[in-house]
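Report on the structure given below.
The values are calculated or read from the model by the stated rules, or taken from the named source; none is laboratory data. Worth saying up front: this structure is predicted, and the values here are computed from it rather than measured. Here the Cβ positions follow ideal geometry from the backbone for every residue, glycine too, while neighbour counts run over all protein chains shown. When the accessible area is computed, the model is the full protein with side chains, heavy atoms only, and any ligands, DNA or RNA have been set aside. Shrake-Rupley method; radii C 1.70, N 1.55, O 1.52, S 1.80 Å.
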Amino acid sequence: ENYHSLQAQTGTTSKSGVGIYVHNSLNFIPRPDLNFKYYEKDSEEFQGLWVEVVQEKSPNVIIGTIYLHPSQEIANFNKALDTTFKHLSKEKGKLIAITGDFNLDLLKYGQDKKVTIFLNQMFENHFNPCITEPTRIIDINEPSLIDIIFINFPCHIFSGNFTRKDFL
């Protein structure tokens, strides 16, 4: 209730797929030119869904949500991100937030090659993580940071949540 539901891109398993709910008070347009979906041989899968919030007195905000399957090989995902970043680089002056379940544990930066490549790619494209503490703890010895928000702008962040004033 009170939200527009963008049709989720479903994956091949019950735990995959993405969707976005946008509050009725916001003016938005879907951005299918930025969407991506990839599936190959039961081992590689990822999806991305994008929307642009149109604002009269502030820069527009492009928001994407991504799901990356845990068994994903990073090369195809990086190619999809590179293509998306090329499109986003043409969006001058717009604020961009990328959220999702990346299944890449940022706490393993420098230890896990896939994580290091991914995070370096985000930094190279001027995206910084808003969440730097574990988002999932299986037990006290296994914290992970796989549910992440990246932004290309400074804002007031409290535990990974944006406040409306960050965009106005």
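Among the residues of the stretch 139-151, the one identified as open to solvent by 50 Å² or more (accessible area, probe 1.4 Å), in a loop (DSSP other than H, G, I, E, B) and under 21 Å from Gln72 (Cα atoms) is Glu142. In the stretch 90-107, the residues that are over 13 Å from Cys130 (Cβ atoms) and in contact (Cβ under 8 Å) with a residue 24 or more places away in the chain form Cβ pairs under 7 Å with partners that are part of a strand (DSSP E or B) and open to solvent by 40 Å² or more (accessible area, probe 1.4 Å), at six or more places apart or across chains, as follows: Asp101/Asp147; Leu107/Pro143.
Of note, Leu95 does not satisfy the criterion of being in contact with a helix residue (DSSP H, G or I) (Cβ under 7 Å, 6 or more places away or on another chain) and either of a type in the set (A, V, I, L, M, F, W, C) or farther than 20 Å from Phe118 by Cβ (or both). In summary, Asn120 fulfils each of the numbered conditions (1) within 17 Å of the chain's Cα centre (by Cα); (2) open to solvent by 20 Å² or more (accessible area, probe 1.4 Å); (3) without any contact (Cβ under 8 Å) to a residue 40 or more places away in the chain; (4) closer than 28 Å to Ile29 by Cα with the single exception of condition (4).
To keep it simple, each residue is scored yes or no on (1) buried (at least 19 other Cβ atoms within 10 Å of the Cβ); (2) more than 20 Å from Gln7 (Cα to Cα).
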site	(1), (2)
Tyr67	yes, no
Gln72	yes, yes
Lys92	no, yes
Ile96	yes, yes
Thr99	yes, no
Leu104	yes, yes
Lys108	no, yes
Asp112	no, yes
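In the stretch 44-54 there is no residue matching the filter, namely being modelled with pLDDT under 95 and open to solvent by 40 Å² or more (accessible area, probe 1.4 Å). Residues of the stretch 15-39 that are loosely packed, with under 12 Cβ neighbours inside 10 Å and of a type in the set (Gly, Ala, Ser): Ser25 alone. Restricting to the stretch 60-80, name every residue that is of a type in the set (S, T, N, Q) and touching a Ser or Thr at 6+ places or on another chain (Cβ under 7 Å). Within the stretch 60-80, Thr65, Ser71 meet the criteria. Against the numbered list (1) more than 19 Å from Phe127 (Cα to Cα); (2) of a type in the set (Val, Ile, Thr); (3) within 13 Å of the chain's Cα centre (by Cα), Val54 comes up short only at (3).
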